[in-house]
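*Asks:* Pasting a structure below so you can have a look.
The values are calculated or read from the model by the stated rules, or taken from the named source; none is laboratory data. Computed from a predicted structure; not experimentally measured. As a convention, Cβ positions derive from the backbone with ideal geometry for all residues, glycine included, and neighbour counts pool all protein chains shown. In case anyone asks, the SASA skips ligands and DNA or RNA and just uses the protein heavy atoms, side chains included. Shrake-Rupley method; radii C 1.70, N 1.55, O 1.52, S 1.80 Å.
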Amino acid sequence: MGLFDKIKSAFTGAEKQQEPQVQEEVQEEVVKEVVEAPVTEDTTLEPEDTKKETEQYEKGLKKSRVSFTRRLNELLANFRYEDEEFFEELEDLLIESDVGFEATMQIADTLRYEAKVQNMKSMKDAERVIVRTMVDMYGETNPDHHVFNENPDGLTVVLFVGVNGVGKTTTIAKMAHQYIDNGKKVVLAAGDTFRAGAIEQLNIWGSRVGAEVISTKQGGDPAAVVYDSIKTAKESGADLLLIDTAGRLQNKKNLMNELEKMKRVISREIPDAPHETLLVLDATTGQNALNQAKIFKETTNVTGIVLTKMDGTAKGGIVLAIGKELGIPVKFVGLGETMNDLHPFDTEKFAYGLFKELIQQTV
């Protein structure tokens, strides 16, 4: 069963056996079914927690959902399967939504094919094909089995990379806060010794969330900071070490050398570490974020992506573009500004939060 059918089953199951109800009552029942559906083996969320997280996805993706739904509905109002101009406008809409070139072409070509084969003429039929193709594509490019890799035998080391201003330090603080809230001990390493204020910023966050921060003076050796932080984390019995890094892309060679030196120190002290190298991207920057991902993929072995500021963008297609063009799994998404608004990426909840009204319209 594709992701679209999995989500849509909530709209076509028990409701078929019931008499029509007031729209608000139907929607409330639908949401209840979706959020209480069986979750993947990787999660330990209780039903109430699952419901709350689904609602947070809906809230965080509202701007993207409202914008894309409105624009697609406006476009489909003029649907004519034999009109090539319609398909060109659809491609423009998808590109502007940061879906990416490859995914855009696949969606448009699928609709062209289905329109001819099925002699498709209605707006509802076209909408169903577009939404099904996009939702299933999310399921294919970001399957749920891409879990966060933790070390079962001791200290878990996570390296954070990304350009300045994407929310990297804040993401580190949010992850530290959540682990500490769950009774874990966390150490932070201020490995960005290049940028003025980076060390101070991480020290402030460490103080706020209750995590020890290992740092040096500005201009110091990041690899030395990493070594000291591993030593401290081991001695203190820490569960998690989160390492900040410099984000300058002006000199890719220097950045690559710096990251490789840090990784050598890490793997020498802890075999198989770092357990994750997470690239932090600002979702509001769209195509720029995709370009940054391509550069960092060439520079280091990125194991996953953290998409920040999803609540601040009307372009939720960036997840699809990353999965389709780069093959790097999205592992966390930032859906708000509070410390608990960093969430493990859940494909089903994300697709539901992004296409909720459109899925309802296909029923």
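*Asks:* Please list, ordered by chain and number, the residues whose modelled amide H lies under 5 Å from the amide H of V330; skip anything fewer than 5 residues away on the same chain.
*Replies:* For V330, whose amide H was placed from the backbone, the distant partners under 5 Å are I305.
*Asks:* Between E84 and V147, what is the label-to-label distance in nm when each label sits 7 Å out along the Cα-to-Cβ direction?
*Replies:* 5.0
*Asks:* With a 1.4 Å probe and every protein chain left in place, tell me how much accessible area H343 has, in Å² to the nearest 10.
*Replies:* 10
*Asks:* Using amide H atoms built in the peptide plane, which far-off residues or other-chain residues are under 5 Å from T156 H to H?
*Replies:* Answer set, sorted by chain and number: N151, L240, L241.
*Asks:* Moving on to the next point. Fully extended, how many nm does the chain gain between R268 and T232 (0.36 nm per residue separation, minus their Cα-Cα distance)? If you can, show how the numbers build up before the last one.
*Replies:* Details: separation 36, 0.36 × 36 = 12.96 nm, distance 1.55 nm.
My answer for the length gained is 11.4 nm.
*Asks:* Okay, next question. Which of the trypsin sites (Lys or Arg not before Pro) found in the range 110-142 are in a DSSP loop and have at most 13 neighbouring Cβ atoms, other than their own, within 10 Å?
*Replies:* Values: sites: R112, K116, K121, K124, R128, R132; in loops: K121.
Within the range 110-142, the qualifying trypsin sites (Lys or Arg not before Pro) (loop, at most 13 other Cβ atoms within 10 Å) are K121.
*Asks:* Also, I was wondering about something else. Where does the charge balance sit around E102 when Lys and Arg score +1, Asp and Glu -1, over other residues with C-beta under 14 Å from its C-beta?
*Replies:* Working: positive: K294, K324; negative: E91, D98, D109, E140, E325.
Value of the local net charge: -3.
*Asks:* Picking from V99, I180, V225, whose Cα lies most toward the positive end of the charge dipole for the chain (charges on Cβ: Lys, Arg +1; Asp, Glu -1)?
*Replies:* With unit charges placed on the Cβ atoms, the residue in question is V225.
*Asks:* What would the Debye formula give as log10 I(q)/I(0) at q = 0.12, 0.19, 0.26 Å⁻¹ for the alpha-carbon point model of the range 150-220, no solvent?
*Replies:* Values returned for q = 0.12, 0.19, 0.26 Å⁻¹ are -0.31, -0.77, -1.29.
*Asks:* For V161, what residues show an amide H to amide H distance below 5 Å, using hydrogens built from the backbone and excluding near sequence neighbours?
*Replies:* For V161, the qualifying residues are L278, L279, V280.
*Asks:* Past 19 Å, Cα to Cα, is the threshold; run K185/K217; K6/K349; K59/K356; K59/K315; K168/K356 against it and keep the listed order.
*Replies:* K185/K217; K168/K356
*Asks:* Can you give the FRET efficiency for K294 and R71, using 1/(1 + (r/R0)^6), R0 = 25 Å, r = Cβ-Cβ distance, to the nearest 0.05?
*Replies:* Numbers: r = 27 Å, r/R0 = 1.08.
Plugging the Cβ-Cβ distance into 1/(1 + (r/R0)^6) gives 0.40.
*Asks:* Quick check: the distance between the Cα centres of the range 315-346 and the range 287-311, to the nearest angstrom?
*Replies:* If you average the Cα positions of each part, the centres end up 10 Å apart.
*Asks:* Have a look at M137, M120, M175 and tell me which one the Gaussian network model of the chain (Cα, springs below 10 Å) gives the largest fluctuation.
*Replies:* So, out of M137, M120, M175, the one fluctuating most is M120.
*Asks:* For the range 91-194, count the residues as N, evaluate 2.2 N^0.38 Å, and divide the Cα radius of gyration by that value, please. Please report the intermediate quantities before stating the final value.
*Replies:* On the way: Rg = 21.5 Å, N = 104, 2.2 N^0.38 = 12.8 Å.
The range 91-194 yields a ratio of 1.67.
*Asks:* Find me the longest stretch of the chain that has none of the exposed GluC sites (Glu not before Pro), where exposed means in a DSSP loop (not H, G, I, E or B) with at most 16 other Cβ atoms within 10 Å.
*Replies:* Values: sites that count: E36, E41, E82, E150, E337.
Counting only loop sites that pass the neighbour cut-off, the longest clear stretch is 151-336.
*Asks:* Also, I was wondering about something else. When the chain is modelled as a GNM with alpha-carbon springs shorter than 10 Å, which of G317, G165, G139 fluctuates the most?
*Replies:* Answer for the Gaussian network model of the chain: G165.
*Asks:* Also, I was wondering about something else. For the chain, what is the per residue volume of the convex hull drawn over the alpha-carbon atoms, in cubic angstrom?
*Replies:* Convex hull of Cα atoms, per residue: 140 Å³.
*Asks:* Moving on to the next point. Hey, any idea what the orientation-averaged projected area of the convex hull of the range 265-363's Cα atoms comes to, in nm²? It would help to have the intermediate numbers written out before the result.
*Replies:* Values: hull surface 31.7 nm².
Mean projected area of the Cα convex hull: 7.9 nm².
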